[in-house]
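The values are calculated or read from the model by the stated rules, or taken from the named source; none is laboratory data. It should be emphasised that the depicted structure is a prediction, and the values quoted were computed from it without experimental measurement. For neighbour counting, all protein chains shown are included, and Cβ atoms are generated from backbone atoms with ideal geometry for every residue, glycine included.
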Amino acid sequence: MGVIGFLGWLSWVNPDTLNRGPPWAKYKGQKIGIDILGFLYKAKSRRQSTMLYVARLVAACRRHGIIPVPIFDGRPPSAKLPLIEERAHVRQDAEERKTVLEHDLQTVTMSEEQRNRVVTEVNRLNVASIYLTGEERELIKQLFYVCGIRPLNACGEADPVLAYLSKSGDIAAVISNDMDLLARGVETLLVPEAYALPGDESGWTMYNLTAICKKSELSYDQLVDMCVLMGCDYTHGGVRVPYKTAYWLIKHHGTLHRVLSERSITDTHMYEDAVRILKGHEDTPEMLMNERQWQKWVSPPCDVELDILYSLRPTILKSLSHSDFQLLHYGAFTAKTEDPVPPVPVPVPPPMPAVRNTIQNVPTDSRNRIRNRIADRRI
């Protein structure tokens with residue numbers, strides 16, 4: 001959900017700050033954080049291969065010399081649990097209704113117009129019922145490692161980690177669809193449309209926090225206060241004010257506390273907690289990620305596992321272009337190298353066991369070996 005109406009507010013008060021097409025050349029040799037789970041959900045909701053999406057994402061970053069830093073969500077904060085429970089119920093209801101409608105499509109006689117309406121509703125419900133299993137996440141993480149990239153695992157949500165790294169200057173930008181990252185203090189947010197990849201000239205919007213605050217004549221603190229007043233993930237069940245009203249209230253009263261007092265809202269703990277969460281007042285390195293993850297953060301890229309890459313080529317990566325597949329080889333390739341990436345004459349090894357290709361049909365003992373391998377060597 002993020003901040004309710006935030007994108008509408010940006011389009012209303014800050015249309016000049018919405019820059020289309022990021023200057024990709026600027027990010028050559030720099031790290032860009034990626035809120036990866038949101039894009040995996042999007043791919044799965046459109047019945048696209050999440051593995052193929054990740055492969056194309058890595059190839060696009062390599063093509064433009066960008067160092068991707070994918071970060072996975074961990075446990076959500078307690079302040080967000082009511083919203084998480086509500087989403088779980090919505091997802092379950094959507095799954096049940098989708099099952100009924102899919103059965104109707106197979107068994108009930110319909111006109112073409114009726115069938116089109118049902119298909120549209122099934123597609124909508126499919127998005128609402130999407131869920132990534134733990135095994136699917138493990139497989140995606142394996143693919144990152146196979147390509148020479150160390151994914152990071154947040155203790156809680158990925159957003160605070162991305163904001164922390166952005167505010168410390170360790171990453172040049174963040175790729176995400178979550179607009180509330182601006183409220184968290186991310187200076188440069190790159191938001192893709194549909195399946196836009198790094199390097200695409202269209203399908204992207206770049207948001208700059210400093211430019212937004214300057215154009216709207218709000219301080220960063222006031223921007224956060226406005227977002228909390230509009231309603232966010234951490235004010236579930238609280239007051240929600242339309243974005244234009246919230247903007248003028250903060251402009252007039254100056255702070256969220258004064259607006260709440262004016263509206264005779266005495267129990268302000270939820271709103272104060274939301275402000276602290278968005279500003280990251282309690283975020284410390286130890287709370288954001290465990291020691292092992294920070295060790296991965298400062299470690300050099302891991303080796304590309306060519307045997308696994310080639311085993312995936314005839315199946316999961318079959319539709320990946322030849323040039324993109326070649327770019328997956330270069331985990332140790334540095335973005336500062338000016339010469340074109342040379343071809344690597346690696347012979348195609350014999351087919352690997354099915355555990356490399358898919359996890360759904362793998363016996364339980366093999367799945368356990370995958371988990372142990374990841375736990376011992378990587379995660």
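Things to note:
- Taking each residue of the range 133-150 that is over 17 Å from Tyr41 (Cα atoms) and looking for partners that are assigned to a helix (DSSP H, G or I) and among the charged types (D, E, K, R) with beta-carbon atoms closer than 9 Å, six or more apart or interchain, yields Gln142/Arg356; Gln142/Arg373; Tyr145/Arg377; Cys147/Arg62; Arg150/Lys296.
- Options Ala246, Ala211, Ala196; residue that is within 14 Å of Pro22 (Cβ to Cβ) and either part of a helix (DSSP H, G or I) or basic (Lys, Arg) (or both): Ala211
- Near pairs, Cβ below 9 angstrom, 6+ apart or cross-chain, from the range 258-273 (within 16 Å of His236 (Cβ to Cβ)) to any residue that is assigned to a helix (DSSP H, G or I) and of a type in the set (Phe, Trp, Tyr): Ile265/Tyr271
- Scanning the range 173-193 for residues that are over 19 Å from Ile66 (Cα atoms), of a type in the set (A, V, I, L, M, F, W, C) and in a loop (DSSP other than H, G, I, E, B) turns up just one, Met179.
- Take the conditions (1) closer than 27 Å to Leu317 by Cβ; (2) assigned to a loop (DSSP other than H, G, I, E, B); (3) in contact (Cβ under 8 Å) with a residue 24 or more places away in the chain; Asp170 misses just one of them, which is (1).
- Selection within the range 295-308 - touching a residue at least 40 places away in the same chain (Cβ under 8 Å) and outside any helix (DSSP H, G or I): Ser299, Pro301, Cys302, Asp303, Val304, Glu305
- Criterion violated by Gly199 - all others in (1) touching a residue at least 24 places away in the same chain (Cβ under 8 Å); (2) in contact with a strand residue (DSSP E or B) (Cβ under 7 Å, 6 or more places away or on another chain); (3) not aromatic (Phe, Trp, Tyr) satisfied: (2)
For (1) aromatic (Phe, Trp, Tyr); (2) in a helix (DSSP H, G or I); (3) surrounded by fewer than 13 Cβ atoms within 10 Å (Cβ to Cβ), each residue gets a yes or a no:
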site: His252; (1), (2), (3): no, yes, yes
site: His257; (1), (2), (3): no, yes, no
site: Thr266; (1), (2), (3): no, no, yes
site: Glu282; (1), (2), (3): no, no, yes
site: Met287; (1), (2), (3): no, yes, no
site: Gln293; (1), (2), (3): no, yes, no
site: Ser311; (1), (2), (3): no, yes, no
site: Thr315; (1), (2), (3): no, no, no
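- On inspection, Thr235 fails the criterion of being surrounded by 14 or more Cβ atoms within 10 Å (Cβ to Cβ), of a type in the set (S, T, N, Q), farther than 21 Å from Leu143 by Cβ and touching a His at 6+ places or on another chain (Cβ under 8 Å).
- Of the criteria (1) modelled with pLDDT of 90 or more; (2) surrounded by fewer than 13 Cβ atoms within 10 Å (Cβ to Cβ); (3) not hydrophobic (A, V, I, L, M, F, W, C), which one Asp159 fails: (2)
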